[in-house]
Each structure stands twice: as structure tokens, then as C-alpha cells.
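Please read the structure below before turning to the comments.
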Amino acid sequence: MEKFVLSCKMAIQSIFLNRLRSFLTLLGVVIGVGAVVAAVGLAEGTTASITKEIENLGTNIVYVFIRPASKSEDISIEEFLDFASKNSDVILGVSPFVQYPAVALFKKEKEECQIIGATSEYMMVQGLSLSKGRFISPVDADFRQKVAVIGSRIYDRLFDKQNPIGQEINVNGQVFKVVGVLEEKQGSRDNTIDDSIIVPVFAIDSFSSNEQALSKNFLVRTVSPDKNKEVKNRIKKFVSKFVKKEDNYSIYDMSELMSMLSRITYFLMIILGGIATISLIVGGIGIMNIMLVSVTERTREIGIRKAIGAKRSDIRVQFLIESMVITGVGGIIGIVLGFVVIAVGISRIPGVVPVYSLKWAIVAFGISVLIGIIFGMLPAEKAARLNPIEALRYE
């Protein structure tokens, strides 16, 4: 134990005698570990943000997208709503919807947005709430009223705290009367319901091409998440009566979105981890080169130690400890750097929740020390095998 403590002291003294060289040597490890911590923070932060949004939408939502090959396969909105009413034991509500990018104009103000054509059920299915006015109603559809409910961001940017109820806005060349304003739902993220203008579904038909007009999208709210699978099976059985090819329609729920998100995150972690690993390996090669130079510079020192009784294992341990201390210190600095990048940079990205993963920080630190052992092995072995007589003669 005493020999190990002595080797540690000598290793640390050697590092401090060459502060600048030691600092430049550990830079590669600092960058590599910092990249690992920051990359994991970005990946997990993005995942956490998207997961939160998916949970806000509701776990008992089933999405149905139908793209019939021809008019003979077309399913009307009325037919789908009739199917839903016959399955009310598992279906709480349905809203057809279509969505297109648009530009909204009010007086001299102009704002890019998305226009959503929907029915009165859309508010309940999506779990929306109003801050002003009312939502679109069945009466609006019956009397072909061109009314609109605007998102919180559209309200802020077009009306600047003026009362929008009763005002007319121009959306892609069509004039709509504002009847309501939605409460803010998704904050600073772009292309969300806060950036949307919701109008009766009939009013958006002119925005679509003939091919798009055949397409139908439906939001289905089930009575509970555990009924999602049964609802999907019933919808599939119903839709397959009209649309022959499964490629022409898709039915999925939030659990499938979460599974897809997990796979994307996994691959993102692999890619980012691979980049960071390359950086660590480059840093490890730099450490090995510097340690080999250090062995050459300290040949006489090694010879003297061997002459007074130091064993090969003592020399080997000393150089391995030097390498491990350099990479270990580099790992600690890298972890701090990674957390700083998360706090200063990643946390400012809209929609990304800052995540400080202690688990991955420990893993990154462990890898940095392992790099020190692996790349310090060759210099340590070279030092341990030096002939003491030849070492003492070395000039």
C-alpha cells in the first residue's frame, strides 16, 4: 500500500512539474467527455420535451390517416362519424381535421401560421380550452359560416392585446370572422396549436388539390388508454372495407409515437456517442504520445529508481497512475464543461428541456479513466522494461 501511495505522489509531482504539457494533453479528453455529457443532455432534453408534449395531447388519442387510391375508395366524413357513433362504448369523440401552412393578415400585420379545418368536436378531442369567445359549433357548419378560432400566438402578434372577437382576418385569400381565442398550450415551440387558426372543415376545401381532397384525417379519443388497441382494430376493420391497400391508410396511437421516439433517441445517442468516442480516442492517442516522450525524458530517473530497488511493477504503476490522473482530471473538467454547455447553450434552444444526467456523467468519467489505462499501458510497459544500466548511461 505504501508503494502505491508513493507512486501516486510521484505521478502527481511529475504532472505538476509539466503543467502546460499536462493541460494540453488532457484537452482531448476534456472535449470528448464534454461532448458526451452535452450530447446526452441534448438527446434526453429533446426526448423529455417531446414526451411531455405527447402526454399533453393525451394518451387516449388514436390518429387515422386515409389516402384512398381513387374516388371509389373514398370514405366520407359522415360515414366515419356514423361508424364512431356505433362504437360509442369505446370511442368518446371524433373530429375530422385537415391542416395546411398559411399566412394570416389583419390590417398591416402579417403572420405565418397553420390553418386547421375541424369540427366542433376538435376542442374536446384535443383537450383545448378558450381564453376568449367560443369555439366553432355545428351551427357554423350547417350555415356555412366562415368563422375562426385563433391560437394564443396569433392573437398576440396580429392583435397586440386588442379585442379580436368579431374582427375579420384574411387567411390565404379567404376572410374569416374571429369568434374565439385559445388558451396558450405549448409555449414557445413553433408550429403548434398556439400558431394555428381553426376553422370549420368545409371552409378549407378550397386550399387542397383534388388528390388532397380525397385524403381524410381523423382524431379519435377513446374512453381510456387501455381501449386504444381495440379501437385501432375496429377502425382498421372498418377502413379496410373501403381502402384495399394497407399502404393507403395508417392508424396509430401515442404508445406507437413513444416507441418511435425511443428508437430515434437511441440512434441519436449512438451517433453522438460515436462522435464523442472518436474524440476520446484521439485524446487517448495524444496521451500515449506524450507519455512516450515523458519516458524518454525520464530515462535516467527510471534507471536511478531501479538501481535503488524499484521493481518493474513499481515503474509500471507510476506511469499508469500518471496517465489515469491526467485523464481523470480531464474527465472531471469535461463533465463540468458539458454541464455548462447544457446550462448556457442547450437550455436556450426552444422546446428543449435541460437534462443533467449524473449517470452518463459517471459513465463518461469512467471511460476517460479507462482511456488513460489503455493508452498509458504501452508507455508504462516501455518504462518498466528499461535496462537500469543503459538507463543510467542515457544522456
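The values are calculated or read from the model by the stated rules, or taken from the named source; none is laboratory data. In this text, all values refer to a predicted model and were calculated from it rather than measured experimentally. All Cβ positions, even for glycine, are placed from backbone atoms using ideal geometry, and neighbour counts span all protein chains on display. Ligands, DNA and RNA are excluded from the accessible area calculation, which covers all protein heavy atoms including side chains. Shrake-Rupley method; radii C 1.70, N 1.55, O 1.52, S 1.80 Å.
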ask   = Listed residues Glu322, Glu381; which is surrounded by fewer than 19 Cβ atoms within 10 Å (Cβ to Cβ), of a type in the set (Asp, Glu) and at negative phi?
value = Glu381
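Taking into account only those residues within region 230-258 that are under 25 Å from Ala48 (Cα atoms) and assigned to a helix (DSSP H, G or I), which is least open to solvent (accessible area, probe 1.4 Å)? Steps first, please.
Taking region 230-258 as the starting set, the residues that turn out to be under 25 Å from Ala48 (Cα atoms) are 251-258.
Still in the list and also assigned to a helix (DSSP H, G or I): 254-258.
Numbers: Met254: 4, Ser255: 73, Glu256: 73, Leu257: 44, Met258: 60 Å².
It comes out as Met254.
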query = Going by the structure shown, is Ser95 open to solvent by less than 10 Å² (accessible area, probe 1.4 Å), in contact (Cβ under 8 Å) with a residue 24 or more places away in the chain and polar (S, T, N, Q)?
reply = yes
inquiry  = For region 304-319, give me each residue that is farther than 23 Å from Ile287 by Cα and open to solvent by 60 Å² or more (accessible area, probe 1.4 Å).
reply    = Ile304, Ala307, Ile308, Lys311
key: Qualifying residues in region 273-303 (those that are open to solvent by 40 Å² or more (accessible area, probe 1.4 Å) and farther than 19 Å from Leu370 by Cα) - the one farthest from the chain's Cα centre (by Cα)   = Arg300
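Residue under question is Ala361, and the condition is that it be more than 29 Å from Val33 (Cα to Cα) and buried (at least 17 other Cβ atoms within 10 Å of the Cβ); does it hold?
On the way: more than 29 Å from Val33 (Cα to Cα): no; buried (at least 17 other Cβ atoms within 10 Å of the Cβ): yes.
No; evaluated as a whole, the condition is false for this residue.
Mind checking which residues of region 169-218 are acidic (Asp, Glu) and either surrounded by 15 or more Cβ atoms within 10 Å (Cβ to Cβ) or at pLDDT 90 or above (or both)? Can you show your working first?
So in region 169-218, the residues acidic (Asp, Glu) come out as 183-184, 190, 194-195, 205, 211.
Within region 169-218, Glu183, Glu184, Asp194, Asp195 qualify.
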task = Only residues that are open to solvent by 10 Å² or more (accessible area, probe 1.4 Å) and not hydrophobic (A, V, I, L, M, F, W, C): list them for region 139-151, please.
result = Asp142, Arg144, Gln145, Lys146
query = Do we find that Gly166 is open to solvent by 30 Å² or more (accessible area, probe 1.4 Å), in contact with a strand residue (DSSP E or B) (Cβ under 9 Å, 6 or more places away or on another chain) and on the phi > 0 side of the Ramachandran plot in this structure?
reply = yes
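Can you find, within region 38-87, the residue that is surrounded by the most Cβ atoms within 10 Å (Cβ to Cβ) among those that are assigned to a loop (DSSP other than H, G, I, E, B) and hydrophobic (A, V, I, L, M, F, W, C)?
From region 38-87, those assigned to a loop (DSSP other than H, G, I, E, B) are 58-60, 67-70, 74-76, 87; that's our starting set.
Filter once more, keeping what is hydrophobic (A, V, I, L, M, F, W, C): 69, 75.
Values: Ala69: 13, Ile75: 20.
Here the answer is Ile75.
Output the number of residues of region 116-127 satisfying the condition of being under 16 Å from Ser152 (Cβ atoms) and surrounded by 18 or more Cβ atoms within 10 Å (Cβ to Cβ). Steps first, please.
Looking only at region 116-127, we keep the residues that are under 16 Å from Ser152 (Cβ atoms), and these are 116, 123, 126-127.
With the extra rule that they be surrounded by 18 or more Cβ atoms within 10 Å (Cβ to Cβ), the set shrinks to 116, 123, 126.
Looking only at that region, the number is 3.
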